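K.L.:
Following this message is one structure expressed as structure tokens.
The values are calculated or read from the model by the stated rules, or taken from the named source; none is laboratory data. Owing to the predicted nature of the structure, the values given are computational and were not obtained by experimental measurement. When we count neighbours, we look across all protein chains shown, and the Cβ atoms used for this are built from the backbone with ideal geometry, even at glycine.
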Amino acid sequence: MIGYLGLQLLWYFMQIIVSVWYHISIVGNMFESYFISYEVLNKYKSLHIGKLRYLAVVIESEEAHQTSKVIKLLQWLDSVGVKNVCLYDMNGVLKKSKDTIFQIMKNAKSIEEVNEDVTHHAPDHMTLEFVSYVDGKEAVAKAANLIFVENFKRHDIGGELDHQILLESHLNQALQIVGCKGPEPDLLLVYGPVRSHLGFPPWRIRYTEIVHMGSLNFMRYGSLIKAIYNFTKVRHNYGT
Amino acid sequence: MFSLRLPIPLEKTLITSLPKTSTTYSAYSGMTRFQVCHRYLSNSITKRGTSVVAFQDEVDGEIFVDAFQDEADGEIFVDEDFLEVDPLPVELQPELMPKHVAVIMDGNGRWAKMKGLPTSAGHVAGTQSFKWIVKLCYSWGIKVLTVFAFSMDNWIRPKVETEFLLNLFERSILSQVEECKRKGIQISVIGDTSKLPKSLKSMIANAEETTKENPKFQLILAVSYSGKYDVVQACKSVAKKVQDGLLHLEEINENIIEKELETNCTEFPYPDLLIRTSGELRVSNFLLWQLAYTEFFFNKKLWPDFGKDEFVEALSSFQNRQRRYGGRH
């Protein structure tokens, strides 16, 4: 009986140690974030943003209603030098807030307004793209449909019907035609409770780095800087 | 991070010092029966509840689990097949196990380099981790495991390495086909097999045919696979159906395309959990369409070092998020 009680005490003691360690690590992360924000940590002071040509931000739809937080996030990104941003939420909440966002972000333009390849434009303004679930799988279906229609038209006027001719490049082109102009993001930040990209256009995330940032309610400048910094240090093998 | 469900009562650990009870089973004479752990999943022994019984040898103190007790009538029995099965850890809830787990087995080359070994040694070590994860998934009630064995992008690697990899893959599967059939593990292969050697293509066809009956668990091997290729081939299949008059152009939508994806070889085509090892934070052209609502778990360990503890951590993390946020989107 005494042995059993002793075993129980030892077991609970071990759990207390684990619990304390866990909370210390959370507090440690918080302090690190503040140190980064106040430029205490040298290594985060200069970011080589050139590697981050296109950033996507996925926000859980319920949290996406907090337009002021979204704008704050965009302002942070602008200050750091990230100029090309794609904003995604599943239900299109951010699309509805588009006008409000552009009213406040006066130096930002919509990707539809920018004619050149956004990853090559001079960084004097932000380019914002607003995307939702319909721009993902549904867009691929529309693009495929477009290719089929063109193919069948050629068949009807005496051309060869070759369903084997459908290649990745054809889908790429067709996606541009149906309105999905954005490139593949280099980095995708997920704000929300789940570590999932929540249906972000699948055609665009082949080699995208995906980082879960936690809830938008608790977003921190330091965490954002750290995520971008870590991305700039990554080496991509692309299959090699 | 940890699944913080503390404190865990001591009773929920497998072994407690219960009063000794003698057993009438001659196979276990001279052994002490421990507390029954109710966490073992067994869909295949019996439809009724099943528990694991641990025994300790009274001579040398060795503890082992090799018997099962039917919860309905208390009968204890041994099933040889399940001597190899791993009991579910106490920190995992059987009702919250993901149905489909996908794994990107990354880091073999780096592991070998760190140890001063040739890359091939890393791949061989990686096969051991692969066998381990198959066993754990099979044991713990996960229905489908999809592994990214060889990417379409990997063809640019040196020919020596790709030939070694495909050869290793062929030998591994060949040696396991009969046991998979015996255990009810269905093997399926997805990817563009046109570039594979003839012997491997033939072996794949044979493995799929041999293991297709009465599966309890499905192992999907993605070989020469790419997420974009999967979408393109699905679109080609749809086009063929339109050409053959089986579909009208107006009917084509995302659901029609989804049905033609290669992962439709399974009842659960969308992974609940994706694990990637080696610290990389991307999906690298794997199951692009299917990962829309998949939970990601990125682990820093290199694949040959990924074992039971790391897998438990991934599942625990998955279950912890499930408990907080309810059902899936």
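K.L.:
Contact list please: Cβ distance under 9 Å, first residue in segment A:176-201 and more than 14 Å from chain B (Cβ to nearest Cβ), second residue of a type in the set (F, W, Y) and part of a loop (DSSP other than H, G, I, E, B), pairs at least six apart or on different chains.
P.N.:
Close Cβ pairs satisfying both conditions: A:G182/A:Y54; A:P183/A:Y54.
Here's the yes/no breakdown for (1) at pLDDT below 75; (2) among the charged types (D, E, K, R); (3) surrounded by 20 or more Cβ atoms within 10 Å (Cβ to Cβ); (4) in a loop (DSSP other than H, G, I, E, B):
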residue	(1), (2), (3), (4)
A:P123	yes, no, no, yes
A:A141	no, no, yes, no
A:A144	no, no, yes, no
A:V149	no, no, no, no
A:H155	yes, no, no, no
A:E160	yes, yes, no, yes
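Conditions tested, residue by residue: (1) buried (at least 17 other Cβ atoms within 10 Å of the Cβ); (2) without any contact (Cβ under 8 Å) to a residue 60 or more places away in the chain; (3) in contact with a Pro (Cβ under 6 Å, 6 or more places away or on another chain).
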residue: B:Y138; (1), (2), (3): yes, no, no
residue: B:L145; (1), (2), (3): yes, no, no
residue: B:I156; (1), (2), (3): no, yes, no
residue: B:L165; (1), (2), (3): yes, yes, no
residue: B:I190; (1), (2), (3): yes, no, no
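K.L.:
Take segment A:197-224 and flag every residue that is of a type in the set (K, R) and assigned to a loop (DSSP other than H, G, I, E, B).
P.N.:
Of everything in segment A:197-224, those that are of a type in the set (K, R) and assigned to a loop (DSSP other than H, G, I, E, B) turn out to be A:R206, A:R220.
K.L.:
Please pick out the residue among B:A234, B:A207 that is more than 13 Å from every other protein chain (Cβ to nearest Cβ), surrounded by 20 or more Cβ atoms within 10 Å (Cβ to Cβ), outside any loop (DSSP other than H, G, I, E, B) and touching a helix residue (DSSP H, G or I) at 6+ places or on another chain (Cβ under 6 Å).
P.N.:
On inspection, the qualifying residue turns out to be B:A207.
K.L.:
Could you tell me which residue of segment A:62-84 is nearest to A:I101 (Cα to Cα), considering only residues that are surrounded by fewer than 18 Cβ atoms within 10 Å (Cβ to Cβ) and acidic (D, E)?
P.N.:
The extreme case among them is A:D78.
K.L.:
Name the residue that is farthest from B:T211 (Cα to Cα), counting only residues in segment B:273-313 that are of a type in the set (D, E) and at the interface with chain A (Cβ under 10 Å from one of its Cβ atoms).
P.N.:
Selected residue: B:E280.
K.L.:
Tell me yes or no: at least one residue of segment B:216-225 is part of a loop (DSSP other than H, G, I, E, B) and free of Cβ contacts under 8 Å to residues at least 24 places away in the same chain.
P.N.:
The answer is no, given that none of the residues of segment B:216-225 is part of a loop (DSSP other than H, G, I, E, B) and free of Cβ contacts under 8 Å to residues at least 24 places away in the same chain.
K.L.:
Still on this structure, I have one more. Quick test for you: out of B:K201, B:K212, pick the one residue that is of a type in the set (K, R) and touching a strand residue (DSSP E or B) at 6+ places or on another chain (Cβ under 7 Å).
P.N.:
B:K212 is the lone residue from the list that is of a type in the set (K, R) and touching a strand residue (DSSP E or B) at 6+ places or on another chain (Cβ under 7 Å).
K.L.:
On to the next question. Among (1) within 10 Å of chain A (Cβ to nearest Cβ); (2) surrounded by fewer than 19 Cβ atoms within 10 Å (Cβ to Cβ), which single condition is B:I256 missing?
P.N.:
Evaluating B:I256 over (1) within 10 Å of chain A (Cβ to nearest Cβ); (2) surrounded by fewer than 19 Cβ atoms within 10 Å (Cβ to Cβ) leaves (2) as the failure.
K.L.:
Something else about it: Scan segment B:236-252 and tell me whether some residue there is touching a strand residue (DSSP E or B) at 6+ places or on another chain (Cβ under 6 Å) and not aromatic (F, W, Y).
P.N.:
No: segment B:236-252 contains no residue that is touching a strand residue (DSSP E or B) at 6+ places or on another chain (Cβ under 6 Å) and not aromatic (F, W, Y).
K.L.:
Let me ask you something else. Of all residues in segment B:138-166, which are assigned to a loop (DSSP other than H, G, I, E, B) and at the interface with another protein chain (Cβ under 10 Å from one of its Cβ atoms)?
P.N.:
Within segment B:138-166, B:R157, B:P158 meet the criteria.
K.L.:
So which residues in segment A:68-119 are among the β-branched types (V, I, T) and assigned to a loop (DSSP other than H, G, I, E, B), if there are any at all?
P.N.:
A:V82, A:I111, A:V114
K.L.:
Suppose we filter B:S284, B:S202, B:S224 for residues that are surrounded by fewer than 16 Cβ atoms within 10 Å (Cβ to Cβ) and among the polar types (S, T, N, Q); which single one remains?
P.N.:
It is B:S202.
K.L.:
Within segment A:37-61, which residues are surrounded by 14 or more Cβ atoms within 10 Å (Cβ to Cβ), of a type outside the set (S, T, Y) and at pLDDT below 70?
P.N.:
Matches in segment A:37-61: A:L41 only.
K.L.:
Further question on the same structure: Please work out if A:L74 is at pLDDT below 75, within 30 Å of A:G182 (Cα to Cα) and among the aliphatic types (A, V, I, L, M).
P.N.:
no
K.L.:
For the list (1) out of contact with any Leu (no Cβ under 8 Å at 6 or more places or on another chain); (2) within 26 Å of A:F148 (Cα to Cα); (3) crowded, with 18+ Cβ neighbours inside 10 Å; (4) at the interface with chain A (Cβ under 9 Å from one of its Cβ atoms), I need the number of the one condition that B:E262 fails.
P.N.:
Evaluating B:E262 over (1) out of contact with any Leu (no Cβ under 8 Å at 6 or more places or on another chain); (2) within 26 Å of A:F148 (Cα to Cα); (3) crowded, with 18+ Cβ neighbours inside 10 Å; (4) at the interface with chain A (Cβ under 9 Å from one of its Cβ atoms) leaves (4) as the failure.
K.L.:
Provide a single number: the residues in segment A:171-186 that are at pLDDT 85 or above and either in contact with a Pro (Cβ under 9 Å, 6 or more places away or on another chain) or over 30 Å from A:T232 (Cβ atoms) (or both).
P.N.:
Of the residues in that region, 7 qualify.
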